[in-house]
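Enquirer: Below you will find the structure I want to go over with you.
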Amino acid sequence: MLHKRDNKKAQEKPAVALIFPDFYAGITQSFVNSARYLARQGYLVDVFTIQDDRLLLKSFDDENIKIYFIETPIVEKLLKIFPKVTYFFNPIVKGFEDAIHFWIPPNSYSFIIGFDPEGLIRAGILSQVWRVPYIYHSLEIYEHSSVAPKKEQFRKQLEDWFSRRALFCFSQDEKRCQVLAEENGLKLEKTLVVYNSCLGKELLSKKDDFLQKKFNIGNDKYIVLAVGSLIPEHCIDQIVLSVDEWPDNFVLVLHGWFGEQKSERFIRHEIELRKEKVFVSTDLLDGDQKYKVFQSADVGLVFFQAVKEHFTKNFIYAAGSSGKLFDFMRTGVPIIASDIPGMREIVENKKCGMVVKSPKDIGGVLPKIMEDYELLSKNSLESYSSYEFGQCYSQVLERIQGEIA
């Protein structure tokens, strides 16, 4: 565990527990921002996650935030003795082991928030031990599917059961809330919107030359940026191929991390064939350093497509879940996005970019983006405040406090 607190001060403040047993907790924007926002509102925030030395949780450098690295040695032993049964019931067994380790909670909590199904299940179990209400923060949409592996089907049933008993369920926009309610059998009024947006009202319109210097890109070129997960679900393979039809004064920069090795090999091969027009960086930047990447881009890409048969709605209804969408807004970078439900309302209705049917259409709209650049950039900056994490979460927190008062 990290960060020591003054016990006398701790007793004077309300406390909340955030549970997200995932290796990527430290770079998951909704999770990090939830902890930061609640801490700024005077809560003592206890973060329960799993340690991963590759992604140190520097994001939680706040005296009101304390980190508990949860371990499950009993489950690990059971996996060796009863591998199939323990693997199948993994989330439940881990939840019970949490209850053993934290039978006496570190604080007297006002509420618990569990992130994604495993965090939800473990929060639900701990809520019974601690006698505290819990909330489900859904980061991904999971569907009922007869073709999914049995373990995933069982996890989905557990998600349904625990989410129905949660105080509230969060998702990233109105359409995702509707889908979550339909999939999990929830009352729609039980769902609340928490955009996967940035925390902080400051606009970052000043341009940077980080990418230009990194890749020695001349001032005569416009940089089109695809950032985040460099995977087929974000159409990265199609985007790379599309540069063949782009005007000569545009280059593509990919900045983020690859997924499966097979898709990475294919994408890197295609990049090599276009190395004069496509550049790739997998460097992880700390905190606000990430905005150097956005501020050195001229156009931002936000694309989604469904790849897995039983995981389609997560990408079909991905508009409000796209953190980079709001990062582009905050930095005044015009956007080209895929035509999925909710995207036109955010991008075109706000007049901060264009929506296209396919990555093949990017080259055709790039000149139009540059023609209206100043207006699109201005609108992007003005639109950001509507989605800023703090103003959104303040409404959610008010609902929670009203319910538990």
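The values are calculated or read from the model by the stated rules, or taken from the named source; none is laboratory data. Values in this document were obtained by computation on a predicted structure and should not be read as measured data. Reconstructed Cβ throughout: ideal geometry from the backbone, glycine too, with neighbour counts over all protein chains shown. Accessible surface is based on the protein model in full, side chains and every heavy atom, while ligands, DNA and RNA are left aside. Shrake-Rupley method; radii C 1.70, N 1.55, O 1.52, S 1.80 Å.
Enquirer: Scanning region 39-75 for residues that are outside any loop (DSSP other than H, G, I, E, B), of a type in the set (D, E, K, R) and at pLDDT 85 or above, which turns out least open to solvent (accessible area, probe 1.4 Å)? So that I can check it myself, show each step before the final result.
Expert: If we filter region 39-75 for residues that are outside any loop (DSSP other than H, G, I, E, B), which is where we start, we get 39-40, 44-49, 58-60, 65-69, 73-75.
Those left that are additionally of a type in the set (D, E, K, R): 40, 46, 58, 66.
The next check asks that each one be at pLDDT 85 or above; those that pass are 40, 46, 66.
On the way: ARG40: 151, ASP46: 0, LYS66: 43 Å².
Here the residue is ASP46.
Enquirer: Now, a different point. Counting only residues that are among the aliphatic types (A, V, I, L, M) and open to solvent by less than 30 Å² (accessible area, probe 1.4 Å), which one in region 158-188 is nearest to ILE121 (Cα to Cα)?
Expert: Kept after step one, since they are among the aliphatic types (A, V, I, L, M), are these residues of region 158-188: 158, 166-167, 179-181, 186, 188.
Adding the requirement that they be open to solvent by less than 30 Å² (accessible area, probe 1.4 Å) leaves 158, 166, 179-181, 186.
Numbers: LEU158: 7, ALA166: 10, VAL179: 20, LEU180: 16, ALA181: 17, LEU186: 16 Å.
Within region 158-188, the match that is nearest to ILE121 (Cα to Cα) is LEU158.
Enquirer: Tell me, which residue of region 133-146 that is free of Cβ contacts under 8 Å to residues at least 40 places away in the same chain and over 17 Å from the mean Cα position of the chain (by Cα) is least open to solvent (accessible area, probe 1.4 Å)? Walk me through how you get there before you give the answer.
Expert: Going residue by residue through region 133-146, those that are free of Cβ contacts under 8 Å to residues at least 40 places away in the same chain are 134, 136, 144, 146.
Then drop every residue that is not over 17 Å from the mean Cα position of the chain (by Cα), which leaves 134, 144, 146.
Details: TYR134: 13, HIS144: 97, SER146: 106 Å².
Here the residue is TYR134.
Enquirer: With the requirement that a residue be part of a loop (DSSP other than H, G, I, E, B) and either in contact with a Leu (Cβ under 8 Å, 6 or more places away or on another chain) or aliphatic (A, V, I, L, M) (or both), what does region 198-234 give you? Steps first, please.
Expert: Start the filter on region 198-234 by keeping residues that are part of a loop (DSSP other than H, G, I, E, B), which leaves 198-209, 216-221, 231.
Selection gives LEU199, LEU203, LEU204, SER205, ILE217, ILE231.
Enquirer: How many residues are in contact with a strand residue (DSSP E or B) (Cβ under 8 Å, 6 or more places away or on another chain), open to solvent by less than 40 Å² (accessible area, probe 1.4 Å) and either assigned to a strand (DSSP E or B) or of a type in the set (Asp, Glu) (or both) if we restrict to region 235-263?
Expert: 8
Enquirer: Does VAL85 count as among the hydrophobic types (A, V, I, L, M, F, W, C), over 19 Å from SER30 (Cα atoms) and surrounded by fewer than 20 Cβ atoms within 10 Å (Cβ to Cβ)? Even if it seems obvious, please write down each step before you answer.
Expert: Working: among the hydrophobic types (A, V, I, L, M, F, W, C): yes; over 19 Å from SER30 (Cα atoms): yes; surrounded by fewer than 20 Cβ atoms within 10 Å (Cβ to Cβ): yes.
When the stated conditions are applied, VAL85 passes them.
Enquirer: Let me ask something additional. For residues in region 89-131 being in contact with a Pro (Cβ under 7 Å, 6 or more places away or on another chain) and not in a helix (DSSP H, G or I), which is surrounded by the most Cβ atoms within 10 Å (Cβ to Cβ)?
Expert: My answer is PHE111.
Enquirer: If I filter region 395-405 for residues that are β-branched (Val, Ile, Thr), part of a helix (DSSP H, G or I) and open to solvent by 10 Å² or more (accessible area, probe 1.4 Å), do I get at least one hit? Outline the logic, then answer.
Expert: Going through region 395-405, the residues β-branched (Val, Ile, Thr) turn out to be 396, 400, 404.
Now narrow it down to the ones that are part of a helix (DSSP H, G or I): 396, 400, 404.
Now restrict to residues that are open to solvent by 10 Å² or more (accessible area, probe 1.4 Å): 404.
Within region 395-405 (the criterion being β-branched (Val, Ile, Thr), part of a helix (DSSP H, G or I) and open to solvent by 10 Å² or more (accessible area, probe 1.4 Å)), the answer is yes, since at least one residue qualifies.
Enquirer: Taking only region 132-177 into account, find how many residues are among the hydroxyl-bearing types (Ser, Thr, Tyr) and not in a loop (DSSP other than H, G, I, E, B). Talk me through it step by step, then tell me what you get.
Expert: Initial filter on region 132-177 (among the hydroxyl-bearing types (Ser, Thr, Tyr)): 134, 136, 138, 142, 145-146, 163, 171.
Restricting the remaining residues to those that are not in a loop (DSSP other than H, G, I, E, B) gives 134, 136, 163, 171.
Count: 4.
Enquirer: Can you name the residue in region 189-199 that is touching a residue at least 40 places away in the same chain (Cβ under 8 Å) and either within 16 Å of ALA166 (Cβ to Cβ) or out of contact with any Lys or Arg (no Cβ under 8 Å at 6 or more places or on another chain) (or both) and, of all such residues, is surrounded by the most Cβ atoms within 10 Å (Cβ to Cβ)? Show your work before the answer.
Expert: Our first condition is that a residue be touching a residue at least 40 places away in the same chain (Cβ under 8 Å); within region 189-199, this holds for 192-199.
Right, trim to either within 16 Å of ALA166 (Cβ to Cβ) or out of contact with any Lys or Arg (no Cβ under 8 Å at 6 or more places or on another chain) (or both) and you get 192-197.
Values: LEU192: 19, VAL193: 17, VAL194: 24, TYR195: 25, ASN196: 24, SER197: 27.
Looking at the filtered set, the residue picked out is SER197.
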